[in-house]
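In what follows, a single structure is set out as structure tokens and then discussed.
The values are calculated or read from the model by the stated rules, or taken from the named source; none is laboratory data. Everything quoted here is computed from the prediction, not taken from an experiment. Cβ coordinates were reconstructed from backbone atoms using ideal geometry, including for glycine residues, and neighbour counts include every protein chain displayed.
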Amino acid sequence: MRVGFVQAYAIIFFSAVCINASAIFIQQLSVNMPFAPVVYLLTSRSPFDFWRAAKELGDTLTAYTDKELHDAANRYNVAAEKITEFKGEILQVVSNTQSLAKGLSAALEEHGFTLDDISEKLSLEFALVMEEMKTELSEPLPEDQTDRYRVRATMISISLQKVENAFVKVMAMCAISESDARSRFQELRPGIEHVLLITGNFIDNHPQLVEIILFSGAALIIPESWFLRPLLSLFGFGPYGPVKGSTAAWAQRTFWGGAVKEGSWFARMQSAGMKLPKTKIAGFLAAFLGIAATTRCRL
């Protein structure tokens, strides 16, 4: 059975807007239609950039995460003060990172660097740290909750020491001495370590909340994502690792005992209000109409 032109138009338009169309749907579409190139257009899109989209949503994303956290707390009988503690600790880390940025501003300007430049360099160094972590932290978390807490705390400590060494290396590019760089990182480390331990306890007690906890944590660090994005991505905050193309699933399984389902980050961003850029929709439709016209001439 051949799908009509009007039906095909509706199907392709719907698929372009709802970018997460299933593989089964695409397969059926390619079987029933002579428009195989359209399938390529739909499935070979540019990768979803979570962090850019999160910045664009701004306060809308904050409102969404607040609602989701409190809805989840009510649904699973989580004490409200636990939610408040989690958010408060992350926001304190964000504040401490803002102080770091101010303290670095003179050195960065003197050597011609921006925070974005430093973020890129940190991302590359932290990607190397992640590879080391994968080798050294290969054992799964224990089932016993007390042992689990102890082992996780050790893993976090080992990882943050590697992060500190990488931070020192990047700071050297701005002529910041090793002792100064370590001192600056040590001002941040206790807060970061505490956030990670709180996250672990939260997820241990409420494993069904792993997705919203990691999503909310990622959203809350957006104001200082130049530093906190590559760092906390080492621990599974966000859909990918320190550099694009790497995955966060390993970190999520290693530190929290379970990975966020593929596609959940995109779905939540859509729920928060993210829209597919009009230029992309127009591009899909233009390509489709051109292919459709060519095909009709051949029939």
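Let's see how each residue does on (1) surrounded by fewer than 19 Cβ atoms within 10 Å (Cβ to Cβ); (2) modelled with pLDDT under 95; (3) in contact with a helix residue (DSSP H, G or I) (Cβ under 6 Å, 6 or more places away or on another chain); (4) not in a helix (DSSP H, G or I):
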site	(1), (2), (3), (4)
139	yes, yes, no, yes
146	yes, yes, no, no
149	yes, no, no, no
152	no, no, yes, no
161	yes, no, no, no
166	no, no, yes, no
171	no, no, yes, no
196	no, no, yes, no
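Evaluate the following for residue 185: is it modelled with pLDDT of 95 or more and surrounded by fewer than 23 Cβ atoms within 10 Å (Cβ to Cβ)?
Here the answer is yes, as residue 185 does meet what is asked.
For the list (1) closer than 18 Å to residue 126 by Cα; (2) of a type in the set (Phe, Trp, Tyr); (3) under 21 Å from the mean Cα position of the chain (by Cα), I need the number of the one condition that residue 202 fails.
That leaves (1) as the condition not met.
Of all residues in the range 81-98, which are of a type in the set (S, T, N, Q) and without any contact (Cβ under 8 Å) to a residue 24 or more places away in the chain?
84, 95
Yes or no: the range 143-154 includes at least one residue that is more than 26 Å from residue 86 (Cα to Cα) and among the β-branched types (Val, Ile, Thr).
no
Go through the range 104-121 and give me each residue that's polar (S, T, N, Q) and out of contact with any Leu (no Cβ under 7 Å at 6 or more places or on another chain).
Selection gives 105, 119.
Would you mind finding the one in 82, 87 that is within 21 Å of residue 210 (Cβ to Cβ), in contact with a Phe, Trp or Tyr (Cβ under 9 Å, 6 or more places away or on another chain) and not small (Gly, Ala, Ser)?
82
Take the range 97-128 and flag every residue that is among the polar types (S, T, N, Q) and surrounded by fewer than 16 Cβ atoms within 10 Å (Cβ to Cβ).
Scanning the range 97-128 gives 98, 99, 105, 114.
Does the range 56-81 hold any residues that are closer than 23 Å to residue 222 by Cβ and among the small types (Gly, Ala, Ser), and which are they?
58, 63, 72, 73
Can you spot a residue in the range 97-116 that is under 22 Å from residue 249 (Cα atoms), in a helix (DSSP H, G or I) and within 22 Å of the chain's Cα centre (by Cα)?
no
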